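Working notes, beginning with the structure itself.
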Amino acid sequence: MTRCWWEGGTIYQVYPRSFQDSAGDGIGDLRGMEQRLDYIASLGVDAIWLSPIFPSPMADFGYDIADYRGIEPLFGTQADFDSLLAAVHARGLKLLLDFVPNHSSDQHPWFIESRSSRNAPKRDWYIWHDPAPGGGPPNNWTSDFGGSAWEYDAATGQYYLHAFLTQQPDLNWRNPELRAAMHDVMRFWLDRGVDGFRIDVLWHICKSLDFADNPLNPDYHPSMGEKFLVLQTHSTDQPEIHAIVRDMRTIADSYRGGDRCVLIGEICLPLPRLMTYYGNGSDGVHLPFNFALIETAWQARTIAQFIEEYESALPPGAWPNWVIGSHDAKRVAGRLGEPQARVAAMLLLTLRGTPTLYQGDEIGIGAVDILPDMIRDPRELREPGLGLGRDPARTPMAWDGSPHAGFSTAKPWLPLHADWRTRNVSAQLEDPHSILMLYRNLLSLRRDSHELAKGPYEPCLDGAPLASSGDDVCCGCRDAAMSSTCVCGVAMYRGP
Ligand code: NOJ
C-alpha cells in the first residue's frame with residue numbers, strides 16, 4: 001500500500017551550479033536544468049531536490065541566503081523557476097527545495113538591520129551575546145568550518161553566533177517574529193507549488209539558553225578540523241527543537257491533501273538522537289536523513305550490522321531512508337572505486353526505504369584533483385590541507401564528449417573529472433554495461449517490484465560463504481571461490 005509518493009520514491013539531488021549551464025558563464029542555471037529534465041525523468045527517479053537557488057553572495061555557494069523568496073540571478077528568474085517547476089510536474093516528478101533555517105547571509109536585510117544597533121527591532125532575530133567577562137567570545141563553541149563560532153561586531157560591542165562562516169549568522173528560532181517570518185517563507189514556496197523541502201542542518205537550529213561551554217572532545221585530533229575540538233552538547237539538538245519541527249510539519253501537512261509534501265531533515269547525530277526527529281510519526285520530519293552508507297566503513301558485515309541497528313531503532317511506522325552521496329561528501333566512486341560504487345548502487349536501490357542519489361554518482365564520477373588555484377570551497381579555504389574540501393564532489397556533470405562535456409560553452413567554475421571524455425552520459429547510454437545503465441536498470445526494477453522498494457529487510461549472512469580475510473566474494477552469486485570474475489557477472493567485493 002502506498003501511503004505517500006516519497007515512500008516508494010527515489011530522490012535525485014541536483015547541485016544547480018554544476019548541472020547544466022544555459023547562459024554560457026560556466027555556472028549551471030535553471031534553464032539549463034530544464035533542458036536536462038528528460039534525462040532525470042529517464043533515470044526513473046521520482047523527485048528532485050535542488051540545492052539553494054536563492055539570491056546569495058555565494059560565500060557558501062547558496063547556503064548563505066540574502067532573500068528567502070527570490071531567485072539568484074546567476075541561476076535565472078522567478079519566471080525560469082515557475083517554468084522549471086511546471087516542467088518537472090509535467091513529467092510526473094516532484095520538486096523539493098532546500099530550506100536553510102539555521103542561518104541567513106550577513107547580507108540579508110534582516111541581519112543588516114539586526115546589526116545596525118542594539119535596539120534595532122530585528123536585533124533579536126539573530127543570536128547576539130556580550131563578550132565573556134574577561135573579554136573575548138562568550139563561550140568555546142566552534143564553527144563547523146573551523147575557528148570560533150562567534151564574531152565580534154565592534155559597532156555594537158557584542159558577538160553574533162555563526163555555526164558556519166562569519167557570513168552566515170545564525171537566526172534566533174526562539175524569537176516568535178523570526179519563526180513566523182520563516183514559516184511564511186515555507187508557505188511562499190509551497191503556495192508556488194513545490195512538493196517539500198530538504199531542511200539544512202536542522203539539528204543546529206536550537207541552542208541552549210544558558211550558552212554553557214561545550215565539553216571538550218577527548219578524541220579530538222587536529223586532522224579532524226576544529227569543529228571537533230568540542231562536543232556540540234549545548235550548541236545543537238536541544239529539546240525545544242521538536243516543537244519547532246512540529247510547526248514546520250503542521251505547515252507542510254496543510255498542503256496537497258493526501259499526496260503529501262515531504263520534509264527531509266539534514267541531521268548528523270547518533271542513531272538514538274536521529275530517531276527522535278521522526279517525532280510521533282505525525283509531528284516530526286518525514287525523513288531524517290540517514291548518512292550511514294557514507295560514514296560507515298565499507299565492509300559487508302559492518303554495513304549489515306548498521307542496517308540491522310537502523311531498522312530496529314526506527315520508531316513504529318517510521319519510514320527508512322538511505323543516502324549514498326551529496327555535495328558535501330566525497331564521491332562514492334572516489335571513496336570506493338567504480339566496482340564498489342556499483343555494489344553501493346545495488347545496496348542503495350534494493351534496501352527498504354527512500355533512496356537519495358546525488359548527481360554524477362550515476363555515471364561514476366570519481367575523485368577529482370582540485371589544484372590550489374581552483375579551490376572554491378570556503379570549508380577548504382578556512383582549514384586547508386585536511387582533506388575536508390567539498391569541491392571534488394561539486395564538479396560539473398559530463399553530458400557528452402564535446403568541449404566542456406556539454407555542460408557549458410565556457411570554462412566551468414570547477415574543473416571536470418579527468419576521464420570526462422569517456423565517462424559521460426552520452427557514452428554510457430551507448431554501453432549496456434555502464435554504471436549509468438546499472439542505475440537505470442536498478443531503478444526500473446525497483447519501480448516494478450514492491451518487494452525491493454518496500455519489502456522487509458532480512459540479512460542473509462548465516463550459511464552464506466562470506467569471505468574470510470582477503471578473499472574476493474561475488475555479492476550476486478556469493479561465489480567465494482571466484483577470484484576476479486564470477487558466473488553471475490555482478491560486482492565483486494573484498495571479504496572481511
Ligand atoms: C549543510 C549544507 O549541505 C552545506 O553545504 C552547507 O555548507 C552547510 N549546511 C551550511 O549551510
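Values in this text are rule-based calculations from the coordinates and carry no lab data. Since the structure is predicted, the reported quantities are computational estimates derived from the model, not experimental observations. Don't worry about glycine lacking a Cβ; one is built from the backbone with ideal geometry, like all the others, and counts go over all protein chains shown.
Per-residue Karplus couplings for region 162-169, computed as 6.51 cos²θ - 1.76 cosθ + 1.60 with θ equal to phi - 60°, are listed in order as 9, 6, 10, 6, 4, 7, 10, x Hz, Gly and Pro entered as x. Annotation: for a label point projected 7 angstrom from Cα along Cα→Cβ of residue 409, residues of region 1-40 with backbone N closer than 13 Å are 21-26.
Can you list residues whose amide H is under 5 Å from residue 171's amide H, if they're 5+ apart or on another chain and H is modeled 1.01 Å from N? Residues meeting the criterion, in which the H sits 1.01 Å from N, are 103, 104. Within the same chain, lysines fewer than 8 places from residue 122 are excluded, and of the rest, those with a Cα less than 22 Å from its Cα are 207. I want to check the label-to-label distance for residue 374 and residue 91. Put each point 7 Å from Cα in the C-beta direction and report it in nm to one decimal. For the pair residue 374/residue 91, the computed spacing is 2.8 nm.
Bridges between two residues of the chain, per DSSP, are antiparallel at a rate of about 35%. A Förster radius of 25 Å, combined with the Cβ-Cβ distance separating residue 38 from residue 254, puts the computed FRET efficiency at roughly 0.15. For residue 367, the shell of other residues with beta-carbons less than 12 Å away shows a net charge of -1, using +1 for Lys and Arg and -1 for Asp and Glu.
Please grab the % of Cα pairs in the chain that end up more than 44 Å from each other. Across the chain, Cα pairs with separations above 44 Å total 13 percent. In the calculated pair-distance distribution of region 328-380, the portion above 19 angstrom amounts to 36 percent of the Cα-Cα pairs.
Estimated purely from DSSP H runs of n ≥ 4, each contributing -39500 (n - 2.57), the mean residue ellipticity at 222 nm for the chain is -7500 deg cm²/dmol once divided by its residues.
Got a sec? Charge dipole of the chain, +1 on Cβ for Lys and Arg, -1 for Asp and Glu; which of 65, 54, 186 is way out at the positive end? Working it through, the farthest residue towards the positive pole turns out to be 186.
When all alpha carbon pairs of region 109-161 are counted in 10 Å bins from zero, the resulting P(r) reads 27, 49, 23, 0 %.
For residue 454, a cut-off of 27 angstrom between C-alpha atoms picks up these lysines, skipping any fewer than 8 places away in its own chain: 94.
Estimated at 0.36 nm per residue, the fully extended path between residue 216 and residue 116 surpasses their Cα-Cα distance by 32.6 nm. Cross-link reach is defined here as a Cα-Cα straight distance under 25 Å, omitting same-chain residues fewer than 8 places apart; for residue 411 the lysines meeting it are 330. Karplus-based coupling profile of region 368-382, in residue order and whole Hz: 10, 6, 10, 5, x, 7, 9, 5, 10, 6, x, 4, 5, 5, 7, with θ = phi - 60° in 6.51 cos²θ - 1.76 cosθ + 1.60 and x standing for Gly or Pro.
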